[in-house]
Amino acid sequence: MRRAFPPHPVPKTGWIMSNKPEYISGRLERWLIPALIFGFCGGAFWLTTTFKKMPPILKRGIQPSDFPQLLIALLVLLTIFMVLKDPIRIKERLQNKTTGTIFLFAIFAALTSIDLFLALGIAAGALAAFWGERRGHVLAIITVVMPIAIFLLFDQVFEIRFPRGLLTNLWYG
Amino acid sequence: MEPFFNGLIALSDPWLLMLLLLATVGGVIIGALPGLNATTGAALLLPFTLTMEPIPAIATMTAIYCSATFAGAITAILINTPGTAASATTCLDGYPLAQRGEAGRALGMAVVSSTFGGIFSVICLMLAAPLLAQAAYKFSPPEYFALTLFGLSMLASIGDGSAIKNLIAGGFGILIAMVGVDNLTTVERFTFGSYQLYEGIGFVPVMIGVFGISELLVQSQNLHLKREAVRMNGVQLPSREDYAKSWRTIVRSSGIGTFIGILPAEGATVASMIGYNEAKRWSRTPEEFGKGAIEGVAGSEAANNAATGGAMVPTLALGIPGSATAAVILAGLMVHGLQPGPNMFTEQADFAYAIFWSMMLVNILFFVIGLRGAKLFARVTLIPIPVLWPCVFMFSIVGAYALDQSMFDVWVALISGVIGFFMRRYGFSVVPLAIGLILGGMLEQRLGQSMVMLDEKWWLMLTRPLTLLFLVLTALALFGPAIWGRMVKRKSPIESTGE
């Protein structure tokens with residue numbers, strides 16, 4: 001029978017109270033994570049077989065594929081140990097705020113094609129609003145003032161040139 | 001002795017002094033903010049140091065390291081939330097003291113013991129690092145390979161993950177370090193034909209991702225937590241009675257912290273736990289621990305700050321990071337074109353001593369700032385998460401971009417942040433990943449050099465006494481805890497029968 005998730009945690013004060021090691025799930029992850037690691041190692045090992053081989057006189061001790069292959073073998077061995085001795089367990093379920101934040105990262109990535117600082121302002125403002133900030137002036141500071149301040153700091157003090165875009169073109173001309 | 005005084009003279013630069021003051025205040029703020037710690041602070045600061053000279057750049061990062069480690073105590077005592085993991089044990093007695101209306105007394109003891117621990121460890125650093133470097137000067141590639149391997153084996157016990165998961169994370173870090181052109185043979189590996197991967201994946205964007213952006217995602221899980229600060233009137237210097245009760249603990253914890261810090265990869269968190277436990281074990285009133293024992297605050301805080309100086313010993317003398325923050329500082333040294341290791345004390349001795357003196361100064365600075373400004377910094381802890389973390393996000397992205405002025409690094413930071421979050425969620429610490437990434441290339445290079453030197457007969461490494469010693473230590477670090485655990489398990493039924 002599928003185990004039910006506990007209700008949403010009651011607001012607590014402090015760190016010690018909020019850090020109870022209660023494991024709630026992990027049946028899927030227990031196998032999925034090792035499977036992902038094995039898959040990754042398999043793919044990486046296959047890639048190492050495509051590396052160029054050096055003639056004995058130029059190989060300088062080891063072939064370019066030797067060390068990665070040794071490491072991948074070690075990773076596979078450690079993952080087997082992990083499955084047997086220390087399986088994956090999760091303390092709390094993934095919250096909507098977290099998945100939403102990752103989604104905001106994707107929106108930020110898409111918006112950078114228009115302008116990096118436009119994307120930064122929108123993403124940071126949306127993040128603050130999504131996480132519960134409702135004060136208009138605070139949102140305006142995060143969305144408008146902070147990106148401009150960071151841009152000026154890096155452009156003028158650290159002399160960093162940012163990629164051209166809709167807004168940065170106004171500055172760079 | 002000349003570099004010793006040259007290093008001190010370097011500190012007479014007013015610009016450097018101002019920078020150290022700003023970095024100390026910044027470090028105290030970073031350490032006081034829950035979720036942000038010395039490692040994240042140093043990683044976010046790294047791009048800001050790019051335009052600086054090496055001494056101000058690295059001195060600023062070490063200032064953040066020392067002051068943020070101390071400042072974790074402010075939130076630990078006032079809101080029962082350690083600003084850094086190293087201050088977790090400070091909560092155990094600091095918060096009960098604050099609840100009794102003695103927050104100022106607890107903070108005063110935290111300031112004094114942190115300063116003593118920090119200065120003690122910097123003196124040890126000044127003495128031990130050149131000696132260690134002198135010994136390491138005679139190392140050849142097999143010794144270096146075995147030493148790097150030993151440093152990596154210590155990853156098993158770092159961070160909050162289990163030993164096996166830590167080693168897997170470290171292994172992935174080393175594998176990421178393999179991306180790009182092989183230094184020994186110039187063969188392309190895992191580049192998929194992309195010119196951006198030709199020089200490998202930079203460790204600065206990865207560090208910004210795994211320490212900064214992954215923490216942002218962790219904070220998104222904690223939005224329901226409420227923070228309430230305990231009221232306090234001001235920080236009080238410890239009374240004569242408190243000194244009499246705690247001075248032995250402060251000295252003992254400073255020694256423990258420095259020693260733990262010197263061990264590769266072990267940092268302030270482990271040091272504070274051992275410092276606290278030993279304070280309790282040696283106390284005349286162990287029953288008071290957990291209920292507001294002033295020695296508990298002293299034991300934890302002296303140890304975690306002593307670990308900062310200790311961690312810099314292997315970082316500067318051997319190029320093996322002594323802690324997660326030291327790994328970021330090591331990355332900073334490399335970005336500035338400096339090669340940590342024995343040569344640093346012969347070719348760049350003035351630089352090394354300038355760093356030592358700046359750490360000494362920072363410990364004195366945060367003593368003053370801690371005493372005078374703790375009440376003010378306590379208010380910083382109440383900055384709402386929805387305001388703080390979007391700003392951290394912007395600095396992370398711009399910082400990742402700034403290093404090579406490449407959007408590719410921004411994607412690396414974002415992706416490693418998401419991966420880092422899921423690693424932490426499934427019990428893998430991200431610290432081994434970062435250290436593996438830094439040491440991976442070095443490990444392979446030294447293995448290759450050893451193989452050339454030993455005519456491809458790897459077993460000849462075992463005939464070299466120092467190499468053998470480091471390999472035995474590696475085996476002990478990897479298998480020792482498991483063997484010891486089994487021995488204790490077997491022994492326990494007999495002990496229980498005896499009772």
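None of the figures in this text is laboratory data; all of them are computed from the coordinates on show. Keep in mind that this is a model prediction, so the values were computed, not measured. Cβ atoms come from the backbone with ideal geometry, glycine included; neighbour counts cover every protein chain shown.
Quick notes
- Above-threshold pairs, the threshold being 28 Å between Cα atoms, out of B:Lys291/B:Lys375; A:Lys97/B:Lys291; A:Lys53/B:Lys457; B:Lys245/B:Lys375; B:Lys165/B:Lys291: A:Lys97/B:Lys291; B:Lys165/B:Lys291
- Each 20 Å bin from 0 upward holds the following percent of the Cα-Cα pairs of the protein assembly as shown: 18, 53, 27, 2, 0.
- Cα-based equivalent ellipsoid of chain B: semi-axis lengths in Å, sorted from largest, via gyration tensor: 35, 27, 24
- Degrees separating the helix B:465-498 axis from the principal Cα axis of chain B, which is the longest one: 50 degrees
- For chain B, the longest principal axis of the alpha carbon atoms and the long axis of helix B:294-318 meet at an angle near 20°.
- Residues B:Glu347 and A:Ile80, FRET efficiency given R0 of 60 Å [Cβ-Cβ distance, rounded to 0.05]: 0.85
- Angle in degrees between helix B:163-177 and the longest Cα principal axis of chain B, rounded to the nearest 10: 50 degrees
- Hypothetical label at B:Tyr243: residues of segment B:274-312 whose amide nitrogen lies under 18 Å (7 Å Cα-Cβ projection): B:294-295, B:298-299, B:302
- With the helix formula -39500 (n - 2.57) applied to DSSP H stretches of n ≥ 4, chain B reaches a computed 222 nm mean residue ellipticity of -24000 deg cm²/dmol.
- For segment A:96-156 versus segment B:25-89, the spacing of their alpha-carbon centroids is 24 Å.
- Diffusion coefficient, µm² s⁻¹, Stokes-Einstein with Kirkwood Rh over alpha-carbon pairs of segment B:194-298 at 25 °C and 0.890 mPa s: 137 µm²/s
- Counting Cβ atoms of other protein chains within 10 Å of each residue's Cβ and taking the mean over peptide A:145-157 gives 2.
- Dipole magnitude of segment B:9-145, debye to nearest 20 (Cβ charges: Lys/Arg +1, Asp/Glu -1, about Cα centre): 180 debye
- Global form of segment B:322-460, assessed from the alpha-carbon gyration tensor, a/c cut-off 1.5: oblate
- Efficiency of FRET between A:Leu47 and B:Leu466 - r from beta-carbon atoms, R0 35 angstrom, step 0.05: 0.45
- Take B:376-387, A:116-127, B:252-263 and order them by the average number of nearby Cβ atoms within 10 Å per residue, most first; the result is B:252-263, A:116-127, B:376-387.
- Radius 15 Å from Cβ of A:Leu77, net charge of other residues (Lys, Arg +1; Asp, Glu -1): +1
- Tensor-based shape of segment B:107-165 (alpha-carbon gyration tensor, a/c under 1.5 rounded, otherwise prolate or oblate): oblate
- In segment A:96-173, the trypsin sites (Lys or Arg not before Pro) that fall in loop regions by DSSP, at most 14 other Cβ within 10 Å: A:Arg134, A:Arg135, A:Arg161, A:Arg164
- Global form of segment B:25-103, assessed from the alpha-carbon gyration tensor, a/c cut-off 1.5: prolate
- Residue-span extension gain [B:Leu17 to B:Tyr137] - 0.36 nm each, minus C-alpha spacing: 39.9 nm
- For the pair A:Val144 and B:Asp404, a Förster radius of 30 Å applied to the C-beta separation gives a FRET efficiency near 0.60, rounded to the nearest 0.05.
- Listed peptides A:74-86, B:416-428 appear in the order B:416-428, A:74-86 once ranked by packing, highest mean of other Cβ atoms within 10 Å at the front.
- Each peptide in B:169-181, B:299-311, B:474-486 receives the mean, over its residues, of other Cβ atoms within 10 Å, and ordering these scores from highest gives B:299-311, B:169-181, B:474-486.
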